[in-house]
């Protein structure tokens with residue numbers, strides 16, 4: 001797990017109950033084996049998750065029905081139902097199906113300005129009627145906010161709309177400045193992790209009371225299959241992002257490592273990539289990555 005200094009306040013959102021991110025969970029849901037699927041949620045809780053992210057977006061599924069079935073079963077399991085649910089979908093109909101089933105306060109993941117202010121406010125107001133908090137992606141009509149300035153400006157605009165026109169308490173707003181993959185070989189992406197970290201502290205400073213989150217697995221996408229390097233990237237990134245004010249993250253709680261436990265050589269090379277400290281950082285990490293490889 002992460003350093004004990006931040007463990008008490010940082011919130012881990014379990015990512016494995018997501019058909020888009022876990023092939024194992026998807027097989028269970030497609031097969032209709034919901035009892036096994038519940039065990040995945042239980043595993044995440046046992047490994048430290050304080051919120052469970054549930055996503056049923058897949059072309060092989062009736063997303064609304066799968067979401068309702070799973071969350072109704074969650075409601076019958078006291079050890080899982082006591083955890084807040086983050087209902088994750090690209091479709092409002094699926095989110096609403098989930099909101100109708102959850103016990104207690106839920107989190108909608110996610111809303112954005114991608115389709116303009118009227119639609120943004122429409123979905124935000126519907127979410128509020130269910131008493132839900134919302135994750136707001138740093139995306140607007142022009143697409144993904146890809147610089148610190150755009151990330152912060154998009155979040156500020158969404159904050160004003162939510163608090164002034166949709167009746168939201170800042171504590172029910174969670175911003176996601178979007179974590180992108182590092183070490184892709186594309187120079188334009190070299191600052192992506194650093195930009196996220198910079199955006200975190202600016203959002204926390206300018207929009208008090210709100211929270212900031214992100215999907216950490218996206219960061220290490222370039223190293224699929226090398227779990228040791230992926231875990232090191234996540235640990236280094238979270239160490240710096242939490243220091244900047246990151247409140248929560250969607251993670252595989254069973255695969256988190258302490259920053260202090262990473263081999264010093266690997267840690268240094270990962271840190272060079274995450275913080276973009278040298279122009280050859282990607283190449284230097286690739287040079288040692290195979291030595292640390294431990295397939296999942």
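Take the conditions (1) closer than 30 Å to residue 278 by Cβ; (2) buried (at least 17 other Cβ atoms within 10 Å of the Cβ); (3) under 16 Å from the mean Cα position of the chain (by Cα); residue 144 misses just one of them, which is (2).
Could you please let me know if residue 199 is in a helix (DSSP H, G or I) and over 18 Å from residue 135 (Cα atoms)?
Working: in a helix (DSSP H, G or I): yes; over 18 Å from residue 135 (Cα atoms): no.
It is false that residue 199 is in a helix (DSSP H, G or I) and over 18 Å from residue 135 (Cα atoms).
Working only within segment 23-45, note down all residues that are more than 21 Å from residue 107 (Cα to Cα) and either surrounded by fewer than 19 Cβ atoms within 10 Å (Cβ to Cβ) or under 19 Å from the mean Cα position of the chain (by Cα) (or both). Even if it seems obvious, please write down each step before you answer.
From segment 23-45, those more than 21 Å from residue 107 (Cα to Cα) are 23-24, 26-36, 39; that's our starting set.
Within segment 23-45, 23, 24, 26, 27, 30, 31, 32, 33, 34, 35, 36, 39 qualify.
Apart from one condition, residue 163 fits all of (1) surrounded by 15 or more Cβ atoms within 10 Å (Cβ to Cβ); (2) assigned to a helix (DSSP H, G or I); (3) in contact (Cβ under 8 Å) with a residue 12 or more places away in the chain; the exception is (3). Of everything listed in (1) farther than 27 Å from residue 112 by Cβ; (2) assigned to a loop (DSSP other than H, G, I, E, B); (3) in contact (Cβ under 8 Å) with a residue 60 or more places away in the chain, the single unmet condition for residue 32 is (3).
Would you say residue 88 is more than 30 Å from residue 260 (Cα to Cα) and in contact (Cβ under 8 Å) with a residue 60 or more places away in the chain? Walk me through it before giving the result.
Details: more than 30 Å from residue 260 (Cα to Cα): yes; in contact (Cβ under 8 Å) with a residue 60 or more places away in the chain: yes.
In short, yes.
Counting only residues that are out of contact with any helix residue (DSSP H, G or I) (no Cβ under 8 Å at 6 or more places or on another chain) and more than 10 Å from residue 140 (Cα to Cα), which one in segment 110-125 is surrounded by the most Cβ atoms within 10 Å (Cβ to Cβ)? It comes out as 110. For segment 1-29, a residue qualifies if it is within 17 Å of residue 258 (Cα to Cα), touching a helix residue (DSSP H, G or I) at 6+ places or on another chain (Cβ under 8 Å), modelled with pLDDT under 95 and in a loop (DSSP other than H, G, I, E, B), and the qualifying residues are 1, 2, 3.
Could you tell me which of the residues 175, 168 is under 23 Å from residue 105 (Cα atoms), modelled with pLDDT of 95 or more and in a loop (DSSP other than H, G, I, E, B)? Step through it out loud before you land on a result.
Numbers: 175 fails: in a loop (DSSP other than H, G, I, E, B).
Exactly one residue qualifies, and that residue is 168.
The values are calculated or read from the model by the stated rules, or taken from the named source; none is laboratory data. Please read these numbers as outputs of a predicted model, since none were measured by experiment. Every residue, glycine as well, gets a Cβ built from its backbone with ideal geometry; the counts of neighbours run over all protein chains shown.
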